[in-house]
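J.: So that we are looking at the same thing, I have put the structure below in structure tokens.
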Amino acid sequence: MASATTSRFSRSALIKLAVGLVLVGGLFAVPRYVSSPYALHIMILIFLSTIMGESWNILGGYTGQYSVGHAAYFGVGAYTTVMLMQFRQVPPWIGVWAGIAAVLVVALIIGSICFRLRGPYFVLASIAVAEIMRLSATNLDKFTKGAEGILATEIPVFIIGEHVVTDFLTKVPFYYIGLSLALLTIAVTWAVQHSKLGYYFQAIREDQDAAHSLGINIPLYKNIGLAISATLTALAGSFYAIYVGFVDPSTVLSLDLSVQIVLVCIIGGIGTIYGPVVGALALVPLSEALRSNAIAEGLFKSGIVDPASATGTFLKENLAHAHVLIYGILVVLVILFMPEGLLGFLRKLGARLKQGRA
Amino acid sequence: MAILEISHVSKFFGGLAANSDVSFTMEAGMIMGLIGPNGAGKTTLFNCITGYYPPSKGEIIFKGRRMNGLQPDKVCKLGMVRTWQKVRPLAKLSVVDNVMVGALCRTNSLKVARAIALEQIEVVGLSHKTDFLAGSLPIGERKKLEVARVLATKPELLLLDEVMGGLNPAESEEIVRLILDIKARGVSQMVIEHDMKTIMRISDRIVVLNSGEKLTEGSPEEVVHNQAVIDAYLGESHA
Ligand SMILES: Nc1ncnc2c1ncn2[C@@H]1O[C@H](COP(=O)(O)OP(=O)(O)O)[C@@H](O)[C@H]1O
Ligand SMILES: [Mg+2]
């Protein structure tokens, strides 16, 4: 019996591996067949959200420390990379390491302050520290150009030896970088979950006092969780900055961004390897559809609403502006009715379907 | 050899002395019973001993080493670990994962930790629940899980805080056997228990606390015939 279960286990693991490889292979092939810059743009945004969500998940989902200040790491990574590139001609693939180093310093300072606090106090402290970073970037305009932001005009060509790898003029190189970073964060999460770290993180999340009594050095492991999480978030920030070519405090250091990062996880499924992927797949298209008024267009095209009617005019004029509101309502609905996120919901649905068939 | 020496330990919460000048010594390999009415300061003493807060006064010496100011995780690494009166399962982890967290105190390998965990789960009789979520267990099994988890840290001294509280007689009896079994493996234990009959049966020695102070100390026979103890208990709930 034992051998039957092990062989079934390894077969399902093999199937999962095969499906994963095919998916990843397919994703790497996409730019060969898809030339629409908009489609690639959406994919890049999904990768970016995945990277941010997976990064936050290590600290928030696994370790249970609900940081609502991750924009600090994102922003410091983004600023460092762009400033080095623009003002010091340091190529971003080198600048990003400086960004990570800067973020680690910030993370250790934040950790030493905030990890003394628990629960809602930790949340508030994390918001406060990120706001301090935003205000600093706004006011230290000698270094950061303040609220005006920094336009990156000088992305250098990436050359290895004589060979020009990419000049960053199309979306394709960004697609591959985004995909690779997303896979990297998923791999890191997988490795964490399958190691002593993952056990210790989850123990701290479930019950800090119990974890402490069982030999877990709480500040040490919280800081390790934060360091991993912040490093990956800095990668996301650097990637974003080079892709968009512009950083300013109100985007890369905003509370809005911090909340977005958390939502990717909560909507997808917190504390799971693939939850943030699901969250990104759901939220990016949703937000794009709302922003571009695709919903109103859809209603008109399908003939449900006449664009010339009073309702049509109303929708045309207001739906796009209301996108934040609609987005918020949908998010609240998911949180209320799917406490384990979309991934948890899909899993339950799958289990029920299987049961129904059996 | 003394494994634990408590000397003149006091713990104040504001004006309240939860522990007041408590001293006693515990020999290795024994079961020390710690009894006293509700609010006597038993759990507070455990908290002081295991590093949850430093005692306001006095010293705690474990294996000849001064423990004051050491954090609970260091205390655990040194071989002293406690269970919780109000159980603290890692609810969203399975039973085996809970116990593995304890085992990881002595190893970095998940494989080794899993083997240790399965062994301790068997010791406490939870093998049929290995893959259940800890949060889904009834109270009796949660208490067993607490014990398996601390055993997995390979302690020399176990501090058990009312592991029989809220259990039915059959379940309590299982825990009694478990405690005696742990003693047979050479692990020292300090046991807080409310039920006098049980504590008399399992303890080699008993310390009685009342209103934060040590009322008396002695063998079970001595304690049960002590007039002050009888008064303290009759004054409360002993029927
Ligand atoms: N953290 C605390 N803050 C304030 N008072 C406390 C705290 N912990 C315990 N006490 C008080 O100390 C006394 C002893 O409590 P405790 O040690 O839990 O007793 P026991 O475990 O013997 O029932 C009680 O009066 C309790 O209210
Ligand atoms: Mg108590």
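The values are calculated or read from the model by the stated rules, or taken from the named source; none is laboratory data. All figures in this text were calculated on a predicted structure; none of them were measured in a lab. We place every Cβ from the backbone using ideal geometry, glycine too, and count neighbours over all the protein chains shown. Heavy atoms of the whole protein, side chains included, go into the accessibility calculation; ligands, DNA and RNA do not. Shrake-Rupley method; radii C 1.70, N 1.55, O 1.52, S 1.80 Å.
J.: Determine the residues within segment B:86-116 where the difference in accessible area between the chain on its own and the full set of protein chains amounts to at least 30 Å²; count protein heavy atoms only and use a 1.4 Å probe.
T.: Hits at the 30 Å² cut-off: B:ARG88, B:LEU90, B:LYS92, B:LEU93, B:VAL101, B:LEU104, B:ASN108, B:LEU110.
J.: Divide, for chain B, the radius of gyration over alpha carbons by 2.2 N^0.38 Å, where N is the residue count.
T.: Against the compact-globule rule of thumb, the ratio is 0.99.
J.: Given 20 °C and 1.002 mPa s, compute D for segment A:221-302 with the Stokes-Einstein relation, Rh being the Kirkwood radius over Cα pairs; round to the nearest whole µm²/s.
T.: Answer from the Stokes-Einstein relation: 145 µm²/s.
J.: Pull up all non-local amide H partners of B:ASN19: gap of 5 or more, or a different chain, and H-to-H distance under 5 Å with H placed in the peptide plane.
T.: Excluding prolines and chain starts, which carry no amide H, the hits are B:LYS11.
J.: Give me the inter-chain shielding for A:196-207: mean count of other chain Cβ atoms within 10 Å, whole number please.
T.: Across A:196-207, the average partner-chain Cβ count within 10 Å equals 5.
J.: While we're on this one: On the protein heavy atoms, probe 1.4 angstrom, tell me the percent of accessible surface of chain A carried by carbon and sulfur.
T.: About 69 percent, which is the carbon plus sulfur part of the accessible surface.
J.: I would also like to ask the following. Enumerate by residue number the trypsin sites (Lys or Arg not before Pro) in segment A:290-358 meeting two conditions: DSSP loop (anything except H, G, I, E, B), and at most 15 other Cβ atoms within 10 Å of the site's Cβ.
T.: Filter output for segment A:290-358: empty list.
J.: Amide H neighbours of B:LEU159 under 5 Å, counting only residues 5+ apart in sequence or on other chains, H built in-plane at 1.01 Å?
T.: Those lying under 5 Å, H to H, from B:LEU159 are B:VAL81, B:ARG82, B:THR83, B:MET190.
J.: Just to check I understand the Karplus step: with θ = phi - 60° and J = 6.51 cos²θ - 1.76 cosθ + 1.60, what whole-Hz values come out for segment B:19-33, glycine and proline as x?
T.: Rounded to whole hertz, the list is 10, 9, 6, 8, 9, 6, 10, 10, 7, 5, x, 8, 9, 9, x.
J.: Under a crude label model (7 Å from the Cα following the beta-carbon direction), how far is B:ARG177 from B:GLU221 in nanometres?
T.: Taking the two extended label points, one gets 2.8 nm.
J.: Give the shape of segment A:210-357 as rounded, prolate or oblate, defined through the alpha-carbon gyration tensor: a ≥ b ≥ c are the square roots of its eigenvalues, a/c under 1.5 means rounded, and otherwise the shape is prolate if a/b is larger than b/c and oblate if not.
T.: The shape class here is oblate.
J.: Restricting attention to segment A:33-63, which chymotrypsin sites (Phe, Trp or Tyr not before Pro) occupy a DSSP loop and are surrounded by at most 14 other Cβ atoms within 10 Å?
T.: Here no loop site has a sparse enough neighbourhood.
J.: Right, here's the next one. So what J values fall out for segment B:132-148 if you push phi through Karplus, 6.51 cos²θ - 1.76 cosθ + 1.60 with θ = phi - 60°, rounded to Hz, Gly and Pro as x?
T.: Here the 3J(HN,Hα) series is 6, 5, 4, x, 8, 7, x, 4, x, 6, 5, 5, 5, 4, 3, 5, 4 Hz.
J.: To the nearest 20 debye, what is the magnitude of the charge dipole of segment A:36-254 about its Cα centre, counting +1 on the Cβ of each Lys and Arg and -1 on the Cβ of each Asp and Glu?
T.: The dipole magnitude comes to about 320 debye.
J.: Specify which residue in the list A:ALA241, A:ILE218, A:VAL262 is farthest towards the positive end of the charge dipole of the protein assembly as shown, using unit charges on the beta carbon of Lys, Arg (+1) and Asp, Glu (-1), about the Cα centre.
T.: Farthest towards the positive end: A:ALA241.
J.: In the structure displayed, which of B:LYS63/B:LYS86; B:LYS77/B:LYS129; B:LYS111/B:LYS183; B:LYS183/B:LYS214; B:LYS42/B:LYS183; A:LYS171/B:LYS92 lie more than 31 Å apart, Cα to Cα?
T.: Distance filter (> 31 Å) returns A:LYS171/B:LYS92.
J.: Also, quick follow-up: In nm, what is the difference between 0.36 nm times the number of residues separating A:ARG347 and A:THR166 and their Cα-Cα distance?
T.: 61.1 nm
J.: Averaged over B:16-23, how many beta carbons belonging to a partner chain fall within 10 Å of each residue's beta carbon?
T.: 0
J.: Report the relative contact order of chain B, percent, no decimals, based on alpha-carbon pairs under 8 angstrom and at least 6 residues apart.
T.: Normalised by residue count, the contact order of chain B is 26 percent.
J.: Mind ordering A:279-287, A:103-111 by average Cβ neighbours within 10 Å, highest first?
T.: Ranking the peptides A:279-287, A:103-111 by packing returns A:279-287, A:103-111.
J.: Along the charge dipole of segment A:36-254, Cβ charges K/R +1 and D/E -1, which of A:VAL165, A:GLN193, A:PRO92 sits furthest on the positive end?
T.: A:GLN193
J.: Using 19 Å as the cut-off for backbone N distance, which residues of segment A:173-207 belong to the label zone defined by a point 7 Å from the Cα of A:ALA13 along Cα→Cβ?
T.: A:187-199
J.: Could you pull out every residue, at least 5 positions away or on a different chain, whose amide H is within less than 5 Å of the one on B:ASN210? Hs are placed 1.01 Å off N in the peptide plane, and Pro or chain starts have none.
T.: Residues meeting the criterion, in which the H sits 1.01 Å from N, are B:LEU215.
J.: In the neighborhood of A:CYS265, defined by Cβ-to-Cβ distances under 12 Å, what is the net charge if each Lys or Arg adds +1 and each Asp or Glu adds -1?
T.: Counting the neighbours of A:CYS265, the net charge comes to -2.
J.: Just add up the charged neighbours of B:ALA28: K/R +1, D/E -1, any other residue whose Cβ is under 9 Å from the Cβ of B:ALA28.
T.: My count for the surroundings of B:ALA28 gives -1.
J.: For A:TYR33 and A:ALA191 in one chain, what is 0.36 nm times their gap in residues minus the Cα-Cα distance, to one decimal in nm?
T.: Additional length available on full extension: 53.6 nm.
J.: Binning at 5 angstrom from zero up to the longest distance, how are the C-alpha pair distances of segment A:191-265 distributed in percent?
T.: Over segment A:191-265, the share of Cα pairs per 5 Å bin runs 3, 13, 18, 20, 15, 12, 10, 6, 3, 1 percent.
J.: What whole number of Å gives the distance from the Cα centroid of segment A:46-69 to the Cα centroid of segment A:168-247?
T.: What the calculation gives is 7 Å, centre to centre.
J.: Sticking with this structure for a sec: Over the Cα atoms of segment A:36-254, Rg to Rh with Kirkwood Rh, two decimal places?
T.: For segment A:36-254, the value is 1.00.
J.: Compute for the protein assembly as shown: radius of gyration divided by Kirkwood radius, i.e. Rg/Rh, restricted to C-alpha atoms, rounded to two decimals.
T.: With Rg and the Kirkwood Rh in hand, the quotient comes to 1.07.
J.: Determine the shape class of segment B:124-239: with a ≥ b ≥ c the square roots of the Cα gyration tensor eigenvalues, call it rounded for a/c under 1.5, and otherwise prolate if a/b is greater than b/c, oblate otherwise.
T.: prolate
J.: Through the Karplus equation 6.51 cos²θ - 1.76 cosθ + 1.60, θ set to phi - 60°, convert the phi angles of segment A:82-93 into ³J(HN,Hα) values in whole Hz; use x for Gly and Pro.
T.: My calculation for segment A:82-93 gives 5, 5, 5, 6, 6, 9, 10, 6, 8, x, x, 5 Hz in order.
J.: In the neighborhood of A:TRP190, defined by Cβ-to-Cβ distances under 12 Å, what is the net charge if each Lys or Arg adds +1 and each Asp or Glu adds -1?
T.: Once positives and negatives cancel, what remains is 0.
J.: Taking the Cα centre of segment B:51-159 as the origin and placing charges on Cβ (Lys, Arg +1; Asp, Glu -1), which of B:VAL96, B:VAL81, B:ALA113 is farthest toward the positive end of the dipole?
T.: Value computed over the given set: B:VAL81.
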